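Throughout, read-outs are computed from the coordinates displayed, never taken from laboratory work. Just so you know, these numbers come straight off a predicted model, no measurement behind them. No Cβ is skipped: glycine too gets one built from the backbone with ideal geometry, and neighbour counts run over all protein chains shown.
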Amino acid sequence: MADDDAAAKKKKRSVFLNRDIVMKRLHHKQQGKKASPMTLLKDIFEETDDKDRFVGDIMFWKYFEDIDIDRIYHTNSVEYRNLKVMFFETLFYLVLMFSVSIYAYQLQSQDVFEGRIEQLNYWSGCDTRGNCKIQKVEDVHTFWSWMQDELVPLAYTADLSMPKVAQIETVYDNSKFPLYWSPRYIGSTQSNVLLGALRMRQLRVKPNEGCHVSKLMQHVYPDCYATYDEGREERESYDSRFAPTYLKEAYEWAPRDSTKQTWVSGKSVTYSGAGFFADLPANKSHARTMLQDLHKWRWIDRLTRGIVVELTTLNTNVDVIVNTVILFEFTPNGAVTGTVKSNAVRIFFFTPSLQAGNSLMSFICMIQLWVMFGIFVVYGLWLMFKTTFNFLGSSPMGYLKRSSWSVRLTFPFRILWQFYRYGWNVADMIIIVCFFLHMFFRIDCFLSVQSEPALAPDVIGHPEKFMPFAQLIEPLTIGNNILALLAISCWIKLFKYLCMSSYFRLLVRILEKCAMRLVVFAALLLVVFFGFAVAFSIGLGTQDEDLITIQGSFLVLFFLLIDGFAVEETWFEPGKDQSMPMIFLLYIFLIYFVLLNIFIAVVLDTYSLASRIHAPDPEAKNPMVVFLETYYNWMKGQSLVKDDSEENMKLEDLSVSLELLPGLVRRKWVEKKRRMQRVADQNFAGMELFPEDDRDRVVSTMGSDWMLPSTQTDVFEQMTSAKPLKPVELYNIPDAVLKKEVTRAQLQRLMDEDVTVPLLLGSKRAVDVIRKFKQPDTQDNSGETVTAVKAMQGEVFSRIDKLEQVALDEDVPRVPEIDQITEQMSGAITDVRNQFRVQLTGVIESTAVLFEHLVELTQGLDEVRINNDGVLQMVRNNAELEEQGGM
């Protein structure tokens, strides 16, 4: 057996300890031992009369697993009330989350996507292989050819045999008879109707702004024309002298309010909604004539930087409106590139609809969300009020009336900081803001349709009038993106309620603890990415179209991080500059090998700490399950309180006056009340749990009168303090406190927390102690009155006498466990002593060897010195002989 133990000791891996390892273990150990606020405030929850003050506090979510299970059975306890609020909050939020999801689903449709793609390919002239005719536009000549040969046939494909879509009556000035117009079909399937006219808009730049002509070349070309920017946009009229009069407005600049168009994003710049515009007429031949005249009278020249063609179609089969923008960019280099962009929206986005189907369901979901988010906002404000009340200790309005102006100015920021320190409250604010922003854009679209004359029911679709749907679709697109953020935020916040399940609680705690650290890491990552984006844009912007701008370079590097990268062989060809490959290798090393590993380290470190602190107890009950059980029985009129011993007690057995208890018990009870008051002062302002105490609250920072100084600062402060030290008042209890009644439950908790109190009182049950010290005084044989306290003192002294009469050591029974521990300690001390002797002997031997080597070294240095003196003497003799020979 001894051999096996020795072998086990040899196989046991020795742990190398250094300062960093010891400090790290101590740090994790101290973090793991932090007491939960639910444990520290447990007594406060039970003692306070204002239990409603704690209802809705965020600590019950943060420390859900530390809620006292036994207190949940009491329907008037703080734990039960908070769990009730948490339960109904969870139910309400689940309904809210699914309502948002259903609402978002009702707004989406595959028809929208297919309608957009169909129009995108139609106006781009793309075939099944992906070859688009708009890509053939390379210069001004091919641009006008595309407008005549491609745009006009695509926009004027009306079949006279098709029925009229609508009869729009138009009465012109100075005319006594009306004209009737009808929107025309486009495309071979005759399923899309063109709403309104096509509008062409030109954007121009001012000469010699944003560029500079070298003095060396000013005699060759005096002017230059830079890329487009809204700050250097040309607004002066430039119409030709002999241009047709019907084209006069096409040469005059118009603001965005007149063009009724929005900004358009190009490949490198963003074009404003203003410019020089012209609407193509409803007649095909007239449209061709207008395009020819615009070409002939130089509507496009060297100042032109962009041509925007905008049109809107309606698919009558699926009720989808598609707004298409065809953009031609004229670069300063003389090249022209064309792109087509389409946005599709369902019709009920523009006006509320009560027709059966998705439009009606969407409208009902919209009204439901307004009601639910109204309740959600009120609940959030109530939580903020509760947080404010606990932070201030009084009503916010009363606090502001008593405060100075400086405090009033900082008051909103302090309240927001106190409330949003809990991350899930920030999620609530994001959800609320996203919802109201989305609804703002939708309602703004409804109002814009009502206020726009061109979209009136008797005008919309008029082929001679432009329909400004782009101004409506743009905010709807933003609102749809906000709705996407709202939906993902709602589902992310679901993690808050998953903490009620032990299976997901550890995951939730890890996310809560590492969220802020990952935000800081993300900020660092953005800084690094921006630096590399600038470097790649400068170094490779002339070779790769995606790296021309810093924004594009940033996105390329980000997707390289996700999708991987490919090394270009041309980088390492002979004669190539190697600076960019070096920057790329630096990017790979810093991002892939350093920052990504830091990200993993942050998560793993948080997991290692959280898995130890929040390790689930398989035997612990779920507080929410216990609440549901208690709530269900409460609805049936039943109680699950396990401690029902008070039901059969007399009224006088339920409490005892503090003055009847022994002095040490009084002291411990007062210390407990003071400790509870200190905790309340630190967490809840204005809460009075022990108003009878006449001690100064300044001492609240001390742990106890018996506490020793814990730091070097405390020691020097006590040594240098001029205040004389007062003796500790063990039994000096304020008179007001002595008259205080201590309930059976309070006394029982005191006895359960301090094991010395039951030993002193001789019982573990508080009711026995109350009966003992409430019994009438008796008289001994000498006729002297004996109180309950004196009787207890006699019992204590008798116990001390028995302890002093302990037998001698040889009569004390031997305990095998103690003998085993003693032998192990003796063996350990012997091993340490032997190891110390071996190590000391080794040190002495090493010192002796070192001494011998030092002696040899000293002797060698002496021989070197003697040889050096001999060499010097020989040199002197030779020098003297040479001097004598020369004489």
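Residues with amide H under 5 Å of ARG184's amide H, sequence separation 5 or more or different chain, H placed in the peptide plane at 1.01 Å from N; which?
LEU194
If you place +1 on the Cβ of every Lys and Arg, -1 on the Cβ of every Asp and Glu, and leave all else neutral, what size is the dipole of the range 814-859 about its Cα centre, to the nearest 20 Debye?
Details: 3 positive and 7 negative charges, 25 e Å.
So the dipole magnitude of the range 814-859 works out to roughly 120 debye.
My understanding is that a pair violates if its Cα-Cα distance is over 22 Å; which of LYS62/LYS84; LYS673/LYS740; LYS260/LYS465; LYS136/LYS206; LYS136/LYS267 do that in this structure?
Among LYS62/LYS84; LYS673/LYS740; LYS260/LYS465; LYS136/LYS206; LYS136/LYS267, the Cα-Cα distance tops 22 Å for LYS136/LYS206.
Please compare each pair in LYS386/LYS493; LYS133/LYS248; LYS215/LYS248; LYS386/LYS668 to a cut-off of 29 Å on the Cα-Cα distance and tell me which ones are over it.
Beyond 29 Å: LYS133/LYS248; LYS215/LYS248; LYS386/LYS668.
Place the peptides 826-838, 236-248 in order of packing, highest mean first, counting for every residue the other Cβ atoms within 10 Å and averaging per peptide. Let's see the in-between values first.
Numbers: 826-838: 10.0, 236-248: 12.0.
With the highest mean Cβ count within 10 Å placed first, the list reads 236-248, 826-838.
Estimate the FRET efficiency between ASN333 and LYS284 by the formula 1/(1 + (r/R0)^6), using the beta-carbon distance for r and 41 Å for R0, to the nearest 0.05.
Plugging the Cβ-Cβ distance into 1/(1 + (r/R0)^6) gives 0.75.
Where in the range 450-485 does the amide nitrogen come within less than 18 Å of the point 7 Å from the Cα of GLN551, taken along Cα to Cβ?
474-475, 477-479, 481-482
State the answer as a single residue: which of VAL193, SER214, ALA243 lies farthest towards the positive end of the charge dipole of the range 173-243, with beta carbon charges of +1 for Lys and Arg and -1 for Asp and Glu, about the Cα centre.
Most positive-ward Cα: VAL193.
What are the ³J(HN,Hα) couplings of the range 475-488, residue after residue, when phi is run through the Karplus curve with 6.51, -1.76, 1.60 and θ = phi - 60°? Round to Hz, x for glycine and proline.
x, 5, 5, 5, x, 5, 5, 5, 4, 4, 5, 4, 5, 5
Once phi is turned into θ = phi - 60°, what whole-Hz ³J(HN,Hα) does the Karplus curve with 6.51, -1.76 and 1.60 give for every residue of the range 411-426, x standing for Gly and Pro?
4, x, 5, 5, 5, 4, 5, 5, 7, 8, 5, 7, x, 5, 5, 5
As an exercise, use a Förster radius of 25 Å and the Cβ-Cβ distance of CYS126 and VAL269 to find the FRET efficiency, rounded to the nearest 0.05.
The calculated FRET efficiency here is 0.50.
Treating each Cα of the range 826-875 as an identical point scatterer and ignoring solvent, apply the Debye formula and state log10 I(q)/I(0) at q = 0.13, 0.14, 0.19, 0.32 Å⁻¹.
Debye curve over Cα of the range 826-875, log10 I(q)/I(0) at q = 0.13, 0.14, 0.19, 0.32 Å⁻¹: -0.54, -0.57, -0.72, -1.01.
Over the range 217-363, one equal point on each Cα, no solvent: what is log10 I(q)/I(0) by the Debye formula at q = 0.15, 0.17, 0.20 Å⁻¹?
Rounded to two decimals, the profile gives -0.93, -1.10, -1.35.
Would you pull out the residues with amide H under 5 Å of VAL742's amide H, same chain only if 5 or more places away, H placed 1.01 Å from N?
VAL656, SER657, LEU658
If you stretched the chain out fully between LYS341 and ILE117, how much longer would it get, using 0.36 nm times the residue separation minus the C-alpha to C-alpha distance?
Full-extension gain reported as 79.7 nm.
About the Cα centre of the range 339-495, how large is the charge dipole given +1 on each Lys and Arg Cβ and -1 on each Asp and Glu Cβ? Please answer in debye to the nearest 20.
Here the size comes out at about 900 debye.
Provide the FRET efficiency to the nearest 0.05 for the LEU154-PHE446 pair, computing r from the beta carbons and using R0 = 45 Å.
Approximately 0.90, to the nearest 0.05.
How far is it, in nm, from the label point at ASP862 to the one at LEU524 when both lie 7 Å from their Cα along the line to the Cβ?
6.3
Would you kindly calculate the mean projected area, averaged across all directions, of the convex hull enclosing the Cα atoms of the range 392-499, in square nanometres?
Values: hull surface 46.0 nm².
Its Cα hull, projected and averaged over all orientations, spans 11.5 nm².
Just want the answer: with Cβ charges of +1 for Lys and Arg and -1 for Asp and Glu, which residue in GLY273, ASN390, ILE300 is farthest toward the dipole's positive end in the range 240-396?
ILE300
One-quarter of the Cα convex hull surface for the range 444-536, in nm²?
If I average the Cα hull's projected area over directions, I get 11.9 nm².
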